[in-house]
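**Q** Would you mind keeping the following structure in view while I ask a few things?
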Amino acid sequence: MTTENSTAAKKAEKLVAVKGMNDILPASVPRTEKLPDSALWQWFETAVRAVMGRYGYQYLLTPIVEPTALFVRGLGEVTDIVEKEMYSFVDSMNGDRLTLRPEATAGIVRAMNEHNALYNGPLRLWTVGPMFRHERPQKGRYRQFHQLDVEALGFAGPDVDAEMILMARALWRELGLVEGEHVRLEINSLGQAGERHAHREALVRYFQQHVAALDADSQRRLQTNPLRILDSKNPAMQPLIEGAPKLLEFLGEESLAHFDAVRATLDAVGLAYRVNPRLVRGMDYYNLTVFEWVTEQLGSQGTVCGGGRYDGLIEQLGGKPAPAVGFGLGIERLLLLLQELKLPVPDSAPDVYAIVPAGVPLPAVVATLETLRGAGLRVLQHAGGRDGAGSMKSQFKRADASGARFALVFGPDEFAQGMVTVKALRDGAGAQELRPLDATAAWAGALKLQSAA
Ligand code: ATP
Ligand code: MG
């Protein structure tokens with residue numbers, strides 16, 4: 001017998017989740033960190049499905065693990081994500097270099113290229129799922145987080161850029177968020193490669209003239225990716241960044257016309273925005289329109305949604321050249337915002353809580369509850385299990401805590417007469433009526449109407 005076996009009585013060590021990776025739990029499970037509960041999560045998904053349907057976007061799923069090369073080639077070698085945030089590993093079975101996806105666009109483009117999906121024309125797509133980035137965990141920033149990702153592939157015109165932005169607005173409205181108040185829109189244009197090149201040269205000249213004022217991170221970026229200096233979150237760097245040459249000043253006629261057309265559409269639908277000439281995004285693949293939806297309520301994790309046009313990516317990943325535009329929305333951040341604002345969330349409580357004292361024949365009770373469920377009611381049965389049914393007092397306590405509108409009380413005397421008591425728990429609490437068990441289907445409909453009211 002090994003020592004380990006002989007100490008079997010010793011309590012096993014509790015295993016915990018990987019740092020920065022969270023469980024999404026029902027609200028009834030107490031937890032210390034502030035995170036959205038699963039009811040909020042489901043409500044969000046329902047809203048997303050409705051909005052995506054309204055705009056004619058189709059759902060797809062791609063693998064969570066992709067070849068590392070996909071992200072190195074897709075996002076750019078000197079981006080923050082590729083340089084220091086990816087979970088990459090070697091498959092011990094065959095030596096393949098793999099990465100847990102840090103974002104969804106590269107995988108979707110890979111999939112569409114692989115299946116020649118654009119052969120029959122442009123595509124509008126969306127997906128939801130976990131993303132992985134090795135960042136310092138804090139409120140609104142995790143190592144596993146979730147995104148809604150929306151992509152339109154094969155469309156060149158500015159109308160689709162505007163469509164992306166308007167879909168996000170439709171989602172805010174569906175969730176009760178007010179644009180301009182809870183979330184604000186910022187837009188910019190990154191132009192085309194030639195324009196960015198001219199701007200980049202001017203930028204390097206400018207920062208070289210002020211090299212002593214740059215922090216260490218920015219000095220490194222000056223050598224590798226000077227545009228990313230503009231993205232610095234160091235307050236000491238802000239005055240210098242303010243004075244730097246702006247990309248918008250380097251845009252040619254076509255790029256400006258595209259940007260103006262996006263703005264004209266936003267104006268036409270009365271959506272307010274701020275042109276932020278400093279807005280750059282973390283991936284190298286963007287061109288022309290970029291945008292972010294930001295909030296003041298989440299501290300430095302204020303971007304809930306970001307996206308833009310990436311006309312070169314499909315070709316860069318081996319596909320036939322085609323333009324594209326998309327956005328990613330951080331679900332945890334958005335739900336934290338909803339929680340923070342205490343916006344009303346649809347009720348997920350049961351309609352009916354069944355109180356079942358000891359001695360009542362359970363099969364007959366279950367049969368009644370099945371009839372109620374068949375009528376569309378949400379029914380929670382107080383299941384006794386090994387320890388028996390529990391006192392009436394404790395059952396009523398549970399019924400109240402469940403948030404149910406009605407208690408169904410299977411009292412033994414009433415049951416013997418073929419009846420059950422329906423008792424109101426919320427509106428007009430206390431009112432009760434007897435209902436015949438042999439006509440459950442008949443009164444189930446009425447109960448359903450009352451529950452929906
Ligand atoms: P940030 O500047 O906050 O790091 P980002 O530019 O890296 O964001 P994107 O790559 O554009 O973010 O991802 C789209 C959205 O996903 C972000 O706007 C944000 O809401 C969310 N997001 C990004 N990284 C995280 C993370 N580590 N944890 C939670 N949400 C995240
Ligand atoms: Mg980031």
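**Q** Kindly indicate the residue of region 92-105 that is open to solvent by less than 50 Å² (accessible area, probe 1.4 Å) and out of contact with any Lys or Arg (no Cβ under 8 Å at 6 or more places or on another chain) and also nearest to ligand 1 (Cβ to nearest atom) among those meeting that condition.
**A** So in region 92-105, the residues open to solvent by less than 50 Å² (accessible area, probe 1.4 Å) come out as 95, 98-105.
When the remaining residues are screened for being out of contact with any Lys or Arg (no Cβ under 8 Å at 6 or more places or on another chain), the result is 95, 98-101, 103-105.
Details: Gly95: 29, Leu98: 20, Thr99: 15, Leu100: 13, Arg101: 11, Glu103: 5, Ala104: 9, Thr105: 9 Å.
Of everything passing the filter in region 92-105, Glu103 is nearest to ligand 1 (Cβ to nearest atom).
**Q** What residue, of Arg124, Arg169, is open to solvent by 40 Å² or more (accessible area, probe 1.4 Å), charged (D, E, K, R), under 14 Å from Met52 (Cα atoms) and more than 16 Å from ligand 2 (Cβ to nearest atom)?
**A** Arg124
**Q** Just to be sure I understand, how many residues within region 19-54 are in a loop (DSSP other than H, G, I, E, B), touching a residue at least 60 places away in the same chain (Cβ under 8 Å) and open to solvent by 70 Å² or more (accessible area, probe 1.4 Å)?
**A** Selection size over region 19-54: 2.
**Q** Got a number for residues in region 325-343 being away from ligand 2 (no atom under 15 Å from the Cβ) and outside any helix (DSSP H, G or I)?
**A** Number of matching residues: 4.
**Q** Within region 313-356, which residues are closer than 25 Å to Val178 by Cβ and of a type in the set (Gly, Ala, Ser)?
**A** Gly326, Gly328, Gly330, Ser348
**Q** Can you tell me which residue among Gln297, Gln301 is at pLDDT below 95, more than 16 Å from ligand 2 (Cβ to nearest atom) and within 30 Å of Leu266 (Cα to Cα)? Before the answer, list the steps.
**A** Details: Gln301 fails: more than 16 Å from ligand 2 (Cβ to nearest atom).
The unique qualifying residue is Gln297.
**Q** Of the residues that make up region 215-227, is at least one in contact with a helix residue (DSSP H, G or I) (Cβ under 8 Å, 6 or more places away or on another chain) and β-branched (Val, Ile, Thr)?
**A** Looking through region 215-227, none of the residues is in contact with a helix residue (DSSP H, G or I) (Cβ under 8 Å, 6 or more places away or on another chain) and β-branched (Val, Ile, Thr).
**Q** Residue by residue through region 173-199, note down the ones that are free of Cβ contacts under 8 Å to residues at least 12 places away in the same chain and under 30 Å from Leu61 (Cβ atoms).
**A** Arg173
**Q** For region 293-319, which positions are open to solvent by less than 10 Å² (accessible area, probe 1.4 Å) and more than 13 Å from ligand 1 (Cβ to nearest atom)?
**A** Result: Arg309, Leu313, Ile314.
The values are calculated or read from the model by the stated rules, or taken from the named source; none is laboratory data. Not measured: the values here are computed from a predicted model. FYI the Cβ positions are ideal-geometry reconstructions off the backbone, even for glycines, and counts take in every protein chain you see. Heavy atoms of the whole protein, side chains included, go into the accessibility calculation; ligands, DNA and RNA do not. Shrake-Rupley method; radii C 1.70, N 1.55, O 1.52, S 1.80 Å.
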